[in-house]
1. Binning every alpha carbon pair distance of segment 38-167 at 5 Å from zero, what are the percents per bin?
2. Can you work out the FRET efficiency for the pair residue 147 and residue 174, with r the C-beta to C-beta distance and R0 = 45 Å, to the nearest 0.05?
3. So how do 75-83, 191-199 stack up, highest first, on mean other-Cβ count within 10 Å?
4. Can you work out the PRE-style zone for residue 187? Point 7 Å along Cα to Cβ, and I want the residues of segment 10-42 with backbone N under 13 Å.
5. Length gain on complete extension for the stretch residue 97 to residue 21, per 0.36 nm per residue less the alpha carbon to alpha carbon distance?
6. Label residue 30 and residue 135 with points 7 Å out from Cα along Cα→Cβ: what is the distance between them in nm?
7. Amide H of residue 101: which non-local residues (sequence gap of 5 or more, or other chain) have their own amide H closer than 5 Å, using H built in the peptide plane?
8. Using the beta-carbon distance between residue 58 and residue 118 and R0 = 41 Å, what value does 1/(1 + (r/R0)^6) give for FRET efficiency, to the nearest 0.05?
Amino acid sequence: MDLAEIFRVMRRRWYVLLPGLLLTAGLTVAVALVVPVTYQSQSTVVLLNSQKATVAYDGNPFLSTQTSLTGMADGLARNLNSDVSVRELKSRGATGTFEAKLADNAQGPLMWLTVTGTDKAAVLASDRILTTYAKDRLEQFQQQQSVAPKAMIRMTTIVPPQNPVAQTKTRLEYMIMAGVLGLVLSLIAVFYVEARRRSRVPAQPEEPAHQDTTPESTAGEPAAEQTMALRPPPSWSRSAENGTATEPRAGRPAVAVAPAAEPLDEESTHGQRSHTGQRDL
């Protein structure tokens with residue numbers, strides 16, 4: 001079945017395809033209404049060396065970097081993603097989904113703190129709470145290890161929590177899936193109805209491959225009698241000697257010979273001439 005045949009079937013079974021397309025459109029709209037729009041806010045923080053470690057650099061923490069800071073940032077991100085931290089964040093009023101991880105392609109201890117939710121204002125407030133909680137959690141780790149205040153690793157915010165941005169990718173994917181599913185089901189219904197209708201139509205008998213060329217009788221006579229009738233009648237010729245009719249030779253055309261006229265007597269001939277002369281006058 002080629003593309004033209006598919007379009008012909010769709011046009012012929014439009015009464016099946018049209019309701020399917022309407023249901024597909026309704027399903028797509030329903031998905032758009034059911035699946036809410038999500039918003040996302042993100043902040044970027046960095047871990048800095050302690051005041052004691054930056055004395056050689058006149059107290060500038062950005063000039064003093066150590067690989068241990070990246071390891072500390074990874075450990076802190078794992079802790080922020082734990083269930084204990086999630087419960088603590090919710091107790092502080094944060095909502096939505098939280099995520100903390102090392103920044104992509106970062107050359108230092110940079111972290112991304114991300115909050116996702118359906119309420120735009122709540123997402124921004126929750127990201128601010130997450131940023132503050134990450135700093136507090138870093139201090140708690142070091143206090144538990146009895147680290148001196150001047151030797152503690154510090155945290156500063158590089159990018160503050162950004163205004164939430166709508167995330168339409170997931171919603172759009174669900175809408176596309178609903179549309180494709182509805183279209184496929186509509187086409188299946190169209191071709192199912194077409195196959196059912198074709199199966200109900202009886203098959204037409206095939207014409208014979210060879211037709212009989214023998215002439216048939218139009219008046220109910222056998223073909224042999226018609227063939228004999230089409231033959232030319234036998235011709236007869238009169239013998240020059242005895243005046244009898246004889247059958248002609250085979251292969252010669254039949255010629256009908258009229259019987260010889262009887263001689264007329266003189267009186268009859270004279271009467272005919274007189275009669276002819278009167279008509280001429």
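All of the numbers you see were taken from the coordinates with simple rules; none came from a lab. All values derive from a computational prediction rather than experimental measurement. Here the Cβ positions follow ideal geometry from the backbone for every residue, glycine too, while neighbour counts run over all protein chains shown.
1. 2, 11, 20, 21, 19, 12, 8, 4, 2, 0
2. With R0 = 45 Å, the Cβ-Cβ based efficiency is 0.40.
3. Final packing ranking: 75-83, 191-199.
4. Only 10 fall inside the zone, counting backbone N under 13 Å.
5. Extending this stretch completely gives an extra 23.7 nm.
6. 4.9 nm
7. For residue 101, whose amide H was placed from the backbone, the distant partners under 5 Å are 112.
8. 0.30
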